[in-house]
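Taken together, the values in this text are just the output of simple stated rules run on the coordinates, not laboratory data. Just so you know, these numbers come straight off a predicted model, no measurement behind them. Positions of Cβ are generated from backbone atoms using ideal geometry, with glycine treated the same way; all protein chains shown enter the neighbour counts.
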Amino acid sequence: MIDVAFWFVVILTLGSALIVVLNEKLVYSAIALLFTLFGVASLYVFLWADFLAGAQVVIYVGGILVLIIFGIMLTNRITSVNISHTSVQKGMGGVAVLGIIIVLGIMILNTPWYQTEFVEPAQTTATIGTLLMMEYLLPFEVASLLLLAALIGAAMLSRSGE
Amino acid sequence: MDSLNTYLFIAAILFSLGLFGVITRRNGVAVLMGIELILNAANLNFLAFAKYGGMNIVGHIFALFVIIMAAAEAAVALAIIINIYNNFRTINIDDVRELQQ
């Protein structure tokens, strides 16, 4: 049963990722990206990362995807019929990417990965919170500064003239 | 299904699809979507190693920082794309090749 759910999620993720990069219509790509992000969040659940799955849904689906759809709407004139965006050099790109997949696959199969016996964490959220406030306090503060700088920078860049 | 290699393969395919999007798309926003796919693949790797590779909860924290960085990157990149659109009236990245407007 879990196997069926897992492979369903995998097919959903990779299939909609394929639509994201191949579909001619930009809005369809954005909707397919929604399903990819949800699929990746489900994979996080399979990896025992429940807090990360929630953060993924909130930040990616609630924030970044909405931002991307805003970007699509703002950069296309409503009157223009052509909200599509054809791709270039699909053949060459496809060959190069297939090569990369094969090389990565060979690398994954031939590397003796360090693996340990895994124990399911009782709770991830509390541990992440404690670690963020203790060992990783400096990166946490730097991340908050980065977000502030990105906020100000984005507001300043997208302001239209004086 | 319960193996490190499965997740690594999924992440590799996701990464390659994102790369395909980045190198073949001509629309700036679509290139950004490809970058999001690549970042998701990296996150999937972090969490796979967190579960199977003994990285434990530290992997979760790295993935959290990647998500934060992706949010900042998306905001700034879309601001730049909208600026390009206001100056050039196109976001076809092949047509945007001069610094002056």
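Taking other C-beta atoms within 10 angstrom as a stand-in for reagent exposure, B:Arg26, B:Arg89 fall in the order B:Arg89, B:Arg26, fewest first. Counting every other Cβ atom within 10 Å of each residue's Cβ, A:Met1, A:Met156 order from fewest to most as A:Met1, A:Met156.
What FRET efficiency do you get for B:Asn5 and B:Ile57 if R0 is 25 Å and r is their Cβ-Cβ distance, rounded to the nearest 0.05?
Details: r = 22 Å, r/R0 = 0.90.
So the FRET efficiency works out to roughly 0.65.
Cβ crowding within 10 Å ranks A:Thr130, A:Thr13 as A:Thr130, A:Thr13, fewest other Cβ atoms first.
What length, rounded to one decimal in nm, is gained on full extension from A:Val66 through to A:Met107, with 0.36 nm per residue of separation minus their alpha-carbon distance?
Working: separation 41, 0.36 × 41 = 14.76 nm, distance 3.63 nm.
Extra length available between A:Val66 and A:Met107 comes to 11.1 nm.
Between A:Thr130 and A:Gln115, the modelled labels are 2.9 nm apart [label points 7 Å from Cα along Cα→Cβ].
Looking only at other chains, what is the average number of their beta-carbon atoms within 10 angstrom of each beta-carbon in A:148-154?
4
If you take the square roots of the eigenvalues of the alpha-carbon gyration tensor of segment B:4-88 and sort them as a ≥ b ≥ c, do you get rounded (a/c under 1.5), prolate (a/b over b/c) or oblate?
Values: a/c = 6.85, a/b = 1.84, b/c = 3.73.
Verdict is oblate for segment B:4-88.
Taking every DSSP helix (H) stretch of at least 4 residues in chain A, weighting each as -39,500 (n - 2.57) and dividing the sum by the residue count yields a mean residue ellipticity at 222 nm of -22500 deg cm²/dmol.
If each DSSP helix of 4+ residues adds -39,500 (n - 2.57) and the sum is divided by the residues in chain B, what number results at 222 nm, nearest 500 deg cm²/dmol? The partial results should precede the final answer.
Values: 3 runs with 79 residues, N = 101.
The helix-only estimate for chain B comes to -28000 deg cm²/dmol at 222 nm.
The mean number of partner chain beta-carbon atoms within 10 angstrom of a residue's beta-carbon across peptide A:1-11 is 2.
If r is the Cβ-Cβ distance from A:Phe140 to A:Trp7 and R0 is 30 Å, what FRET efficiency results, to the nearest 0.05? Computed FRET efficiency for A:Phe140 and A:Trp7 comes out at 0.25. Dividing the C-alpha radius of gyration of the protein assembly as shown by 2.2 N^0.38 Å, with N its residue count, gives 1.05.
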